[in-house]
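Coordinate-derived values only; no laboratory data. Predicted model, so just to flag it, every value in this text is computed and none were measured. Glycine also receives a Cβ, built like all others from the backbone with ideal geometry; neighbour counts cover every protein chain displayed.
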Amino acid sequence: MDKIQILNSMIWNVAELLKFEPDDAEVRVLSEIMQGINELKRLHATREIRKAIPERW
């Protein structure tokens, strides 16, 4: 299993938690978790590009 598959599985699991009718505070936290997972997916997808670009000082 690669990173993207694991991250997609994590998204699926968070989505499953939404079936338990969370309150507003729980929805906010679950939303933040989803955003974090999506950010990890974006970083993984652009890793090689980011490596190729030298840091600017």
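Structure values in brief
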read-out	value
Helices (runs of 4 or more DSSP H) wholly inside the chain that include at least 1 residues being among the hydrophobic types (A, V, I, L, M, F, W, C) and surrounded by 11 or more Cβ atoms within 10 Å (Cβ to Cβ)	3-17, 24-45
Segment 24-38: number of residues that are among the small types (G, A, S) and within 8 Å of the chain's Cα centre (by Cα)	1
